[in-house]
Structure formats: structure tokens, C-alpha cells
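K.L.:
Handing you this structure, nothing more for now.
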Amino acid sequence: MTRRGLLIILSSPSGAGKSTLARRLRDWDSDIRFSVSATTRPARMGEVDGTDYHFLDEADFKRMVTDGEMLEHAHVFGNFYGSPRAPVEDAINAGADVLFDIDWQGAQQIANSPLSPHVLSIFLLPPSIGELRRRLESRAQDSAEVIAKRMTRSWDEISHWGSYDYVLVNDDLDVTEEKLKTIVLAERLRRTQQPGLQNHVRALQTEFEEGA
């Protein structure tokens, strides 16, 4: 194996471009996979177990949390959601990166998990609050009431920017995309991501001691 995969965490307030950049990142490199979350909510029509979500009953979900088999989890609107550890660990051990589109609370849980040495966390900031509102309104997907709720929540999200490895101001989508790619390429070269380095150094030591 030439490298170990990264756990790439992307967080931002709604409207800052996270979903678009996540999609572009995966289009750029097929070795980047989305983490498939687990949930206790019933599957909706057309959803496939293992593709859209891992659908679990509440007892199994709670057992996985207790046994340390969830990297992060939360209780949202009466249902549990979380990121199973095993498929993520299998992916990064196979050299594939896993992308997480989660909030700051989930990011903190993953950063404190046993896989923390392989975490890369990136927060996206809008250029201004006015621009953030404009983007939400221009999507024409939400009512004025929903937009107001998203705007209220946005500052809570933004206030946690300091806990991330990298912070990018997304004032130009194409420029931000290139910065994101640069970060990923550099982080793949971290010592923790190159499992073959130790054996290489040992070989160098042997060669040196043999008087090469």
C-alpha cells in the first residue's frame, strides 16, 4: 500500500458551498468516497440499504455506540444518525479517502476518535453574512421561515471555525475548489498517511550499516 486514506471532514453553515465542493472533490478523484451514515429512521421509497444509509433498529444502533463502533452520532428529530467505524477504517486502510459532510459536533467526535491521526478537517466560511443570505434565497428551495432558521443557526456553526485544521473563505467557487485539492494532495503526504516509510527507513539503515 502506497498510502493510507484520509477522513476528510467538510463543514460550513448552510449556503456556504459545502455540497457543491464535496461533489466537485469526488468528481476530481474517484478514490474519495462519501461516508454512508447509519440511521434508525425507516427507509423511504427508493432508498437502498448500504447505499443511501445503513438502516438499523434502535437497539443495534445503541449497541454500536456502546461498543465504540460509531465514529460520531447524534439524535435528530426522534431518530439516531451516525457514522459506522468499520467501513471507514476498511476504506482508509485500502488507501481510499472518506468524505464526511457533517456539522461541528460530528467533526469533534471524529477528531477525538481512534482514527484521529488520519482526520483532515476543513471549514468553509462565506465572504459575508449578506452573501450567505443571498445564496440561500437564490436557491429558491426554502421558505422565508426556513431561511430565517438557517441564518440563525449559521452563526453557531461559524463560531466553531477555530477547531478545524483548515479554514477557507469561499468567495470564488473555482478558486476554493483548487485550494481544497491542494490541501488534500498535501495532507496525503503526511507521515501518518505513508505506512511504507518505516520499512523504507529500515532498509536505508540496513544498507548504511552494511557499508553501502
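The values are calculated or read from the model by the stated rules, or taken from the named source; none is laboratory data. Note that the structure is a prediction, hence the values are computed from the model and not measured. Here Cβ is always computed from backbone atoms with ideal geometry, including for glycine, and neighbour counts include all displayed protein chains.
K.L.:
Since A107 meets every condition but one in (1) without any contact (Cβ under 8 Å) to a residue 60 or more places away in the chain; (2) under 20 Å from F34 (Cβ atoms); (3) aliphatic (A, V, I, L, M), which condition does it not meet?
P.N.:
Of everything listed in (1) without any contact (Cβ under 8 Å) to a residue 60 or more places away in the chain; (2) under 20 Å from F34 (Cβ atoms); (3) aliphatic (A, V, I, L, M), A107 misses just condition (1).
K.L.:
If I ask for residues that are part of a loop (DSSP other than H, G, I, E, B), within 27 Å of R4 (Cα to Cα) and not hydrophobic (A, V, I, L, M, F, W, C), which ones from the stretch 20-64 would you list?
P.N.:
So in the stretch 20-64, the residues part of a loop (DSSP other than H, G, I, E, B) come out as 29-31, 35-37, 40-48, 50-52, 56-57.
Next, from what is left, pick out any that are within 27 Å of R4 (Cα to Cα): 29-31, 35-37, 50-52.
Listed by number, the residues that qualify are D29, S30, D31, S35, S37, G50, T51, D52.
K.L.:
Of the conditions (1) of a type in the set (D, E); (2) in a helix (DSSP H, G or I); (3) crowded, with 20+ Cβ neighbours inside 10 Å, E131 fails just one. Which one is it?
P.N.:
If we test E131 against (1) of a type in the set (D, E); (2) in a helix (DSSP H, G or I); (3) crowded, with 20+ Cβ neighbours inside 10 Å, just (3) comes out false.
K.L.:
Can you report the number of residues in the stretch 93-106 which are of a type in the set (A, V, I, L, M, F, W, C) and surrounded by fewer than 14 Cβ atoms within 10 Å (Cβ to Cβ)?
P.N.:
Number of matching residues: 1.
K.L.:
Follow-up. Any idea which of D27, D67, D101, D90 is free of Cβ contacts under 8 Å to residues at least 12 places away in the same chain, within 29 Å of E131 (Cβ to Cβ) and acidic (D, E)?
P.N.:
D27
K.L.:
Then there is this: Within the stretch 164-179, which residues are modelled with pLDDT under 95 and either among the hydroxyl-bearing types (S, T, Y) or assigned to a helix (DSSP H, G or I) (or both)?
P.N.:
L173
K.L.:
State whether one or more residues within the stretch 187-209 are acidic (D, E) and not in a helix (DSSP H, G or I).
P.N.:
Checked the stretch 187-209: no residue is acidic (D, E) and not in a helix (DSSP H, G or I).
K.L.:
Taking only the stretch 66-92 into account, find how many residues are surrounded by 15 or more Cβ atoms within 10 Å (Cβ to Cβ) and assigned to a helix (DSSP H, G or I).
P.N.:
So the answer is 6.
K.L.:
Taking S113 as the residue in question, decide whether it is in contact with a helix residue (DSSP H, G or I) (Cβ under 9 Å, 6 or more places away or on another chain) and among the small types (G, A, S).
P.N.:
Against the criterion (in contact with a helix residue (DSSP H, G or I) (Cβ under 9 Å, 6 or more places away or on another chain) and among the small types (G, A, S)), S113 qualifies.
K.L.:
Shifting gears a bit: Among (1) of a type in the set (S, T, N, Q); (2) assigned to a helix (DSSP H, G or I); (3) under 15 Å from the mean Cα position of the chain (by Cα), which single condition is T182 missing?
P.N.:
Of everything listed in (1) of a type in the set (S, T, N, Q); (2) assigned to a helix (DSSP H, G or I); (3) under 15 Å from the mean Cα position of the chain (by Cα), T182 misses just condition (3).
K.L.:
Show the residue pairs that are 6+ apart or on different chains and have beta-carbon atoms under 7 Å apart, the first residue being within the stretch 117-141 and of a type in the set (G, A, S), the second being assigned to a helix (DSSP H, G or I).
P.N.:
S121/A107; S121/A111
K.L.:
Evaluate the following for L56: is it closer than 30 Å to G196 by Cα, touching a strand residue (DSSP E or B) at 6+ places or on another chain (Cβ under 6 Å), crowded, with 16+ Cβ neighbours inside 10 Å and not aromatic (F, W, Y)?
P.N.:
Numbers: closer than 30 Å to G196 by Cα: no; touching a strand residue (DSSP E or B) at 6+ places or on another chain (Cβ under 6 Å): yes; crowded, with 16+ Cβ neighbours inside 10 Å: yes; not aromatic (F, W, Y): yes.
No.
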